[in-house]
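Student: The following block contains the structure, expressed as structure tokens.
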Amino acid sequence: MNDIADAFYKLKIYCETEHFKGWDPYDGLNSKIFQAIPLLKKSVLCRLMVIQGFKRCPFNMRRMAFVPKEYNAKGIGLFLSGYCNLYKVVENHPQLSEKMGTLEMIKARIEELAELLISLQSKGYSGACWGYNFDWQARRLFLFPKFTPTVVATNFCATALMQAYEITRNKHYLEIALSAADFVIKDLHRTPYNGGFLFSYSPLEGNDTVFNASLLGSRLLSYCFYYTQQEEYKRLAELSIKACCSGQREDGAWVYGMLPVQNWVDSFHTGYNLDALIAYQELTEDHAFNGYIEKGFDYYVNHFFEADGTPKYYDNRMYPIDIHCPGQLLITLTRLHKMKKYEELAKKVLQWTIRNMQDKKGYFYYQLKPGISSKISYMRWSNAFMFNAMSHYLLAI
């Protein structure tokens, strides 16, 4: 336990020293050099090459390409959620305050991050929503401009504000978080599927076939229902969940999405699906989908982790080993109340991750590959995600 707490503390100090700003795997288009060349900016192929080049290169080119370290809204939401968990850890174990900070210090950090997150909202939509701090060119030939809100980012940010409300009792945090339901209902479009529908990934056209994105929309509506008891939120969440559960395979797996090019099964998106389903079940007290949760969890826990604790990306191959894979295990076990039963697995995977993917400076690596791995420090993808995940682990045990 001490080695895990020490690893979390090292990560905490690193992120606080960096003031929660950093680079991202997908921020290549933020390069000031790229932005200064109009012909490159207009080319779909050039945008794809820059993003994928920065993402895949094991060496960090961002400093020489003048890519600034910035805040990422989803990253801030993950940090906020992690500090809310840490508050409860220290509240339950006051002896940790000397190392992790007093309750007053952690509460002040929660308020700081909540205010920052509110300031990072995307503007011009029906309710509170959040996107990413970079342009992103999708392979299916459409561009997500900087700050285009997504249901994924909005779910993590809004529910983090709800956690902050529970600790601070600042109603402003809750009011903003609850307004995110209007973004989901009014700004996202819906694709009919097997008696229900899938929420789109964003308000843009052409990104409406992803199961985990739709389920995270349901997750957010479930939280909003819990606080407001508005039946419309529950009804829409249920319809999305009905559609996504109909897409679950007989063996319990979910492919990423409905398109042929989305026909893979991976670790952390499966965890997202399970987290969304348990949130709906607990917050609405509707247990109709419990069978899908149990079948999905059995597939998840039996297909993505090796006996020595190595986390796999896909159900049929290991590499690349992405930092999201071990991190999501800690969240999934906590959220599904299965940490006690699988604590040895969680500990083994986490210790493997600390040994193999944590730098001596405290941050976590992005991905490990059979050849040259990417050991770049990414604030949202790696550090914020692991900070939140490890806080779940500490709280659960």
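The values are calculated or read from the model by the stated rules, or taken from the named source; none is laboratory data. Small disclaimer: the values here were computed from a predicted structure and weren't measured. Glycine gets a Cβ as well: all are built from the backbone with ideal geometry, and neighbour counts include every protein chain shown.
Student: Residues of the range 262-281 being in a helix (DSSP H, G or I), over 17 Å from the mean Cα position of the chain (by Cα) and touching a residue at least 24 places away in the same chain (Cβ under 8 Å), which ones? So that I can check it myself, show each step before the final result.
Tutor: Filtering the range 262-281 for residues in a helix (DSSP H, G or I) gives 262, 267-281.
Filter again for over 17 Å from the mean Cα position of the chain (by Cα), leaving 262, 280-281.
Q262, Y280, listed by residue number.
Student: In this structure, is L86 modelled with pLDDT under 95 and more than 17 Å from F147 (Cα to Cα)?
Tutor: Values: modelled with pLDDT under 95: no; more than 17 Å from F147 (Cα to Cα): yes.
In short, no.
Student: How about the range 340-352: which of its residues are surrounded by 21 or more Cβ atoms within 10 Å (Cβ to Cβ) and within 21 Å of I278 (Cα to Cα)?
Tutor: Hit for the range 340-352 is A346, nothing else.
Student: In the list I37, I33, which residue meets the criterion of being free of Cβ contacts under 8 Å to residues at least 24 places away in the same chain, of a type outside the set (F, W, Y) and farther than 18 Å from F364 by Cβ? Steps first, please.
Tutor: On the way: I33 fails: free of Cβ contacts under 8 Å to residues at least 24 places away in the same chain.
Answer to the check: I37.
Residues are listed down the side, and each one gets a yes or a no for (1) at pLDDT 95 or above; (2) surrounded by 15 or more Cβ atoms within 10 Å (Cβ to Cβ); (3) under 20 Å from G327 (Cα atoms); (4) of a type outside the set (F, W, Y):
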site	(1), (2), (3), (4)
T209	no, yes, no, yes
A213	yes, yes, yes, yes
S222	yes, yes, no, yes
G257	no, yes, no, yes
N263	no, no, no, yes
Y300	yes, yes, yes, no
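Student: Working only within the range 195-207, note down all residues that are farther than 18 Å from D286 by Cβ and surrounded by fewer than 23 Cβ atoms within 10 Å (Cβ to Cβ).
Tutor: Of everything in the range 195-207, those that are farther than 18 Å from D286 by Cβ and surrounded by fewer than 23 Cβ atoms within 10 Å (Cβ to Cβ) turn out to be P203, L204, E205, G206, N207.
Student: Right, next: I'm trying to understand the selection: among the residues of the range 1-23, which are surrounded by 13 or more Cβ atoms within 10 Å (Cβ to Cβ) and of a type in the set (A, V, I, L, M, F, W, C)?
Tutor: I4, A5, A7, F8, L11, C15, F20, W23
Per-residue answers, yes or no, for (1) free of Cβ contacts under 8 Å to residues at least 60 places away in the same chain; (2) not in a helix (DSSP H, G or I); (3) not basic (K, R):
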site	(1), (2), (3)
R317	yes, yes, no
T334	no, no, yes
K338	yes, yes, no
E344	yes, no, yes
K360	yes, yes, no
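Student: Here's something else I'd like to know. If I go through the range 282-303 residue by residue, how many of them are in contact with a Phe, Trp or Tyr (Cβ under 8 Å, 6 or more places away or on another chain) and in a loop (DSSP other than H, G, I, E, B)?
Tutor: Within the range 282-303, the subset in contact with a Phe, Trp or Tyr (Cβ under 8 Å, 6 or more places away or on another chain) is 283-284, 286, 289, 296, 301.
Going one step further and asking which of them are in a loop (DSSP other than H, G, I, E, B), we end up with 286, 289.
Residues flagged as in contact with a Phe, Trp or Tyr (Cβ under 8 Å, 6 or more places away or on another chain) and in a loop (DSSP other than H, G, I, E, B) within the range 282-303 amount to 2.
Student: If you don't mind, there's one more thing I want to ask. What is the number of the single condition among (1) in contact with a helix residue (DSSP H, G or I) (Cβ under 6 Å, 6 or more places away or on another chain); (2) without any contact (Cβ under 8 Å) to a residue 40 or more places away in the chain; (3) acidic (D, E) that E294 does not meet?
Tutor: (1)
Student: May I pose another question? With the requirement that a residue be small (G, A, S) and in a loop (DSSP other than H, G, I, E, B), what does the range 362-375 give you? Working first, answer last.
Tutor: Let us first name the residues in the range 362-375 that are small (G, A, S), namely 362, 371, 373-374.
Of everything in the range 362-375, those that are small (G, A, S) and in a loop (DSSP other than H, G, I, E, B) turn out to be G362, G371, S373.
Student: Looking at E250, E205, which one is without any contact (Cβ under 8 Å) to a residue 40 or more places away in the chain and either in a loop (DSSP other than H, G, I, E, B) or closer than 17 Å to G127 by Cβ (or both)? Don't jump to the end; show me each part of the working.
Tutor: On the way: E205 fails: without any contact (Cβ under 8 Å) to a residue 40 or more places away in the chain.
Only one candidate passes the filter, namely E250.
Conditions (1) among the β-branched types (V, I, T); (2) touching a His at 6+ places or on another chain (Cβ under 8 Å); (3) closer than 22 Å to T334 by Cβ, marked per residue:
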| position | (1), (2), (3) |
| --- | --- |
| P25 | no, no, no |
| M49 | no, no, no |
| N85 | no, yes, yes |
| L103 | no, no, yes |
| L116 | no, no, no |
| S122 | no, no, no |
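Student: Does F79 satisfy being crowded, with 20+ Cβ neighbours inside 10 Å and out of contact with any strand residue (DSSP E or B) (no Cβ under 6 Å at 6 or more places or on another chain)?
Tutor: Details: crowded, with 20+ Cβ neighbours inside 10 Å: yes; out of contact with any strand residue (DSSP E or B) (no Cβ under 6 Å at 6 or more places or on another chain): yes.
Yes; evaluated as a whole, the condition is true for this residue.
Student: Kindly indicate whether A108 is farther than 24 Å from W23 by Cβ and either surrounded by fewer than 20 Cβ atoms within 10 Å (Cβ to Cβ) or in contact (Cβ under 8 Å) with a residue 24 or more places away in the chain (or both).
Tutor: Taking the combined requirement at face value, the residue satisfies it.
Student: Further question on the same structure: Tell me the residue from F305, F268, F289, F297 that is of a type in the set (F, W, Y) and over 21 Å from H392 (Cβ atoms), please.
Tutor: On the way: F305 fails: over 21 Å from H392 (Cβ atoms); F268 fails: over 21 Å from H392 (Cβ atoms); F297 fails: over 21 Å from H392 (Cβ atoms).
Sole residue among the options that is of a type in the set (F, W, Y) and over 21 Å from H392 (Cβ atoms): F289.
Student: On to the next question. Please count how many residues of the range 147-183 are surrounded by fewer than 24 Cβ atoms within 10 Å (Cβ to Cβ), assigned to a loop (DSSP other than H, G, I, E, B) and under 18 Å from the mean Cα position of the chain (by Cα).
Tutor: Here the count works out to 2.
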